[in-house]
Structures are given as structure tokens and as C-alpha cells.
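First comes the structure, then the notes that go with it.
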Amino acid sequence: MDKSMDEDCISPEAAAPADNGVPRLSVVATPIGNLSDLSPRARATLEAADCIACEDTRTTGNLLRKFGIERPLIAYHEHNEQASAAGIAAKIESGARVALVCDAGTPTLSDPGFRVVRECRRRGLPVEPIPGPCALITALSASGLPTNAFAYHGFLPPKTAARRRFLDENRASKITLAVYESCHRIRAFAEEIAEVLGNERVVCFARELTKLHETVLTGTIADVLPKLVGRNLKGEFVVLIAPADFEL
Ligand code: SAM
């Protein structure tokens, strides 16, 4: 690594300023299971915020209690996000530091928050990322599948025909495909992958990441499919599909 780059990375002067009271929106990643993954910077940002905008006040309230943080909460979610985005931006304009969180992981990634960030950007308000857990990146990092290029598709449509069409359209993909999938459809989706893409397609089923029953199954779909039984069908999943020509 280039020495100056190395110094940039570790020198305190190179770090984004700590909370200096400037009104802003802080986009804060929270744990996806393991509470130890809340970074010290995320914690400090939540403690310093004038209010915390969250998807669900109960879920975020529980998290904050575990860290002894007491800040006013305001709820936003997909149904009122446009209206609450204007309200949150107005708070920042009048001098507030607002932290934006979702129920788990990084806001805006298959979670609400995008409209709040866009509204702040439109008004020229400062937006700072406080990075941390994200199921997508966590799964990719431990999968053994190529990460140099990947396409994230969020949640696929629930209908079988639409999911099969997605697989068919991406049959020859040269990059890794990533989706979030409900545990209720995980076995059916695995069978669809085998049927549409063939038994030799390399996949990764990453389940309950950072939690007690964390399981990362990487192999051909023919290897992985029989392991998706019983307890291995429960919990939260990220599914990765390797490029068509990839071999382990
Ligand atoms: N914003 C979150 C993030 O940064 O990853 C994602 C929220 S999305 C509503 C929830 C989905 O993410 C779950 O249905 C599952 O597909 C995936 N997910 C979240 N936590 C996970 C975990 N611990 N292990 C595996 N997948 C997880």
C-alpha cells in the first residue's frame, strides 16, 4: 500500500470530524444480529443526536436501551416517508442533528431512508454516513464468491413465475448476483435455482449472519440444496449466485 494512503487511513486528522454540533443527517448502520457490531462512532452519533429517526420506535427503542441511550425518537416508514422526509429536513434546517437508522443494518438498503437522504441532498443539507453492518456486504465477504463486481437485487418478487424469469434473464451473468430472501421461500428458491441454472451453479446461502445460528453454505446448488432442511431453513437469508463460468 502507498505509504501516504496508509497514513491517511490511520491518522486522527484524516478522520471525518467528530460531532462538532453542526446540524446534519447522520445515516447510521446498526447491528444485523450481534450487538457488539455497533461501532463506537455509531454509538457516539446516536448519543449526540437531537433526535433519532427510525422505522419502528419499539425496535430502535429496544436497541437504544441495551446501550443506555435515551434520545427522542421519530418514526418514518415507507408509507409516510415522503412526508416525514420534509419534516426531518426542516428539523435539520432549524439546527438539529438527526440520526437516521433502520430496524437492522444500513438504512436505505432494502429498507426505508432513501427519500429522507434525497430530501436533505436536495436542500443542500450535510449528510454523513456512519458505516457498519449490512447483510449484503457481510455475506459477500465470507462467501468465497467473486466480489469484484456484483449486482444487488434486493427482495425478488414473491411469485414463482417472476423469480424464474429473473433467474432465466440472468442465466449467463458475468457477475455475482445478490438477493435477500424470506426463509419461507428459501427452499423453493433453491430448487428454482437448480432447475433454471443447473445443478453445477455455485451459490452461497448465508443465514443468520453474526447470530448464534450463523451458517454460510457455499458450493454448487446440488451440494447446498440437501443442507437446506430443518433448522437450516429458519431465520434471515442472503442468497448469492456466482457468475455462470465460476468454479470453486
Ligand atoms: N438494511 C438491512 C441491511 O443493511 O442488510 C437489510 C434489511 S432487509 C428489510 C432484511 C433482510 O436482510 C432479511 O430478510 C434478510 O434477507 C437480510 N438480512 C438481514 N439481517 C440478516 C442476517 N443477520 N443474516 C442474513 N440475512 C440478513
Going by what's in this entry, would Leu209 be described as buried (at least 16 other Cβ atoms within 10 Å of the Cβ), at pLDDT 95 or above, assigned to a loop (DSSP other than H, G, I, E, B) and within 14 Å of the ligand (Cβ to nearest atom)? yes
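Assess whether Gly95 counts as being at positive phi, touching a residue at least 40 places away in the same chain (Cβ under 8 Å) and more than 16 Å from the ligand (Cβ to nearest atom).
yes
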Within segment 174-188, restricting attention to residues that are within 19 Å of Pro243 (Cβ to Cβ) and surrounded by fewer than 19 Cβ atoms within 10 Å (Cβ to Cβ), which residue is farthest from the ligand (Cβ to nearest atom)? Lys174
Segment 41-71, residues that are outside any strand (DSSP E or B) and in contact (Cβ under 8 Å) with a residue 60 or more places away in the chain: Arg41, Ala42, Thr45
I need every pair where a residue in segment 103-117 that is more than 12 Å from Tyr180 (Cβ to Cβ) and of a type in the set (S, T, N, Q) has its Cβ under 6 Å from the Cβ of a residue that is more than 8 Å from the ligand (Cβ to nearest atom) and in a helix (DSSP H, G or I), sequence separation at least 6 or different chains. Thr108/Phe114
In this structure, does Arg201 turn out to be away from the ligand (no atom under 11 Å from the Cβ), among the charged types (D, E, K, R), at pLDDT 95 or above and open to solvent by 20 Å² or more (accessible area, probe 1.4 Å)? no
Identify the residue in segment 140-163 that is of a type in the set (Ser, Thr, Tyr) and within 14 Å of the ligand (Cβ to nearest atom) and, among all such residues, is least open to solvent (accessible area, probe 1.4 Å). Ser143
For segment 97-104, indicate whether the set of residues that are acidic (Asp, Glu) and surrounded by fewer than 21 Cβ atoms within 10 Å (Cβ to Cβ) is non-empty. yes
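The values are calculated or read from the model by the stated rules, or taken from the named source; none is laboratory data. Quantities reported herein were computed from a predicted structural model and do not represent experimental measurements. In this analysis, Cβ positions are derived from the backbone assuming ideal geometry, glycine residues included, and neighbour counts consider all displayed protein chains. All accessible areas refer to the heavy atoms of the entire protein, side chains included, with ligands and DNA or RNA removed. Shrake-Rupley method; radii C 1.70, N 1.55, O 1.52, S 1.80 Å.
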